[in-house]
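Here the structure is laid out as structure tokens; the discussion comes afterwards.
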Amino acid sequence: MRYKNLLAAGVAVTAIAAMPAFAQDAGKAPNVAVAAATDDQTGGAPAATTGQDDPNDIIITARQRSESLKNVPIAVTALTGDELKDRQVNTVKDIAAYTPGLNINSDSVGRAFVSIRGIGTTLIDTVQPGVGIFIDGIYQPNTSYLNSPIVDVARIEVLRGPQGTLFGNNTLGGAINVITRQPGNSWEGRLDATAAGPDSYYSVSGSISGPIAPDVLSFRIGASYHVQDGFQYNTLAHGDMNPLDQRSIGGTLRFTPAPWAVITANANYDRVEGGSTAYVHTAGPTDYRLDGATNVLNRTTIKYQGYNLKGEFDLDAINTKVTAVAAYNQKDLSGISDGDFGPVDLLRSNGGSRLITKTAEMRFDTKWSDNI
């Protein structure tokens, strides 16, 4: 009985001590499980902010509308664009290091494994993931998009748990929503550059935005370039085994013909080239060598292009917001690899694929009363 009482007291003290720490982190750190991001230039739903009436109340938009965190039954992590830049997050998959419960692994630029709370998909790129990936609310059909570069991003939100009600199918584990910056009435420019070693890491990105016709039409265009050699070397084919070269450009036009209507057009092009399945034969569990020997340098090149049109209309007469989305995405992949991953020239493989995704969505958000 004595040990049981001690155990119960210990659990109670731990729970009491943990509660204020959790609330404190939620109020100040945007990368914890319940935190929300703040950003002035956002697309889609407005960025999450702190409530004006209660400074400890956090407002998030995980359910496509601004709500208090204490009223939303969703665990969400959000990282702002500035935080992504400070942490050198160049691809979507890099956010896993800052998101509780999110696990993303990749052995090639052409595929990735993603799971939230243990629910996800295999490395096979043709399998629809159990975690939905969205860019500006547009569904991305396979996990290779996790390796694509992110340009001029306002924030990334990670929602844990089933999200099928608002985000559709393939969201049993959760959803990753990338929200790009939107243009406004003021001129704005950004330029960032980074260099590091010893793997010859270089990254540069920039953007510019401003009004074409004030209060009516504005634009934003951004581009980035990222390259690194990696840490593995092929001693037989003489070259880097896991290099990475990413080039990306994207643009947005925002048209506001009336106070109750906003029409946004987006276009993007990304090219990703890098190592593919840079496997190494080892002598045992204590062999930590990085260099390998294959007959060819395994390489994969992916070209993405996407176009989407989004309209948002506030119909105050019926307390309804109507959102209409149409999108087209195309992915072209080509690659070559040593099929046996060894120095003996037994098997080589090469090939390519094309995936075209078309999306259409119509959403009505109506408030009938304070409760419905």
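Shown here: the stretch 280-365, whose C-alpha atoms stretch 72, 31, 13 Å along the first, second and third principal axes, sorted largest to smallest. Per residue, the solvent-accessible area of the stretch 134-278 (1.4 Å probe, heavy atoms of protein chains only, all protein chains present) comes to 40 Å².
Note on surface exposure: L346, L172 rank L346, L172 by accessible area, highest first, 1.4 Å probe. Apolar share of the accessible surface for the stretch 128-220: 61 percent from carbon plus sulfur atoms, 1.4 Å probe.
Report note on the peptides 351-362, 206-217: ranked by the mean count of other C-beta atoms within 10 Å, highest first, their order is 206-217, 351-362. Pairs exceeding 28 Å between alpha-carbon atoms, taken from K310/K367; K93/K321; K85/K367; K303/K358; K93/K367; K93/K303: K93/K321; K85/K367; K93/K367. In the complete set of protein chains, residue-level accessible area for Y269 is approximately 90 Å², probe 1.4 angstrom. The length gained by stretching the chain between L315 and F255 to full extension, at 0.36 nm per residue less their Cα-Cα distance, is 19.8 nm.
The stretch between N350 and L217 holds 43.3 nm of extra length on full extension. This uses 0.36 nm per residue minus the Cα-Cα distance. Compared with the rule-of-thumb size 2.2 N^0.38 Å for a compact globular protein, the stretch 322-372 has a Cα radius of gyration ratio of 2.40. For the stretch 132-149, the residues whose backbone nitrogen is under 15 Å from a point 7 Å from the Cα of D365, taken along Cα to Cβ, are 136-138. Counting only Cβ charges, +1 for Lys and Arg and -1 for Asp and Glu, the dipole size of the stretch 112-204 around its Cα centre is about 280 debye. Heavy-atom surface analysis with a 1.4 Å probe gives the stretch 262-372 a carbon and sulfur content of 57 percent of its accessible area.
The values are calculated or read from the model by the stated rules, or taken from the named source; none is laboratory data. Source: prediction; values computed, not measured. All Cβ positions, glycine included, derive from the backbone under ideal geometry; neighbour counts span all protein chains shown. Heads up: the accessible areas ignore ligands, DNA and RNA and are worked out on the full protein's heavy atoms, side chains in. Shrake-Rupley method; radii C 1.70, N 1.55, O 1.52, S 1.80 Å.
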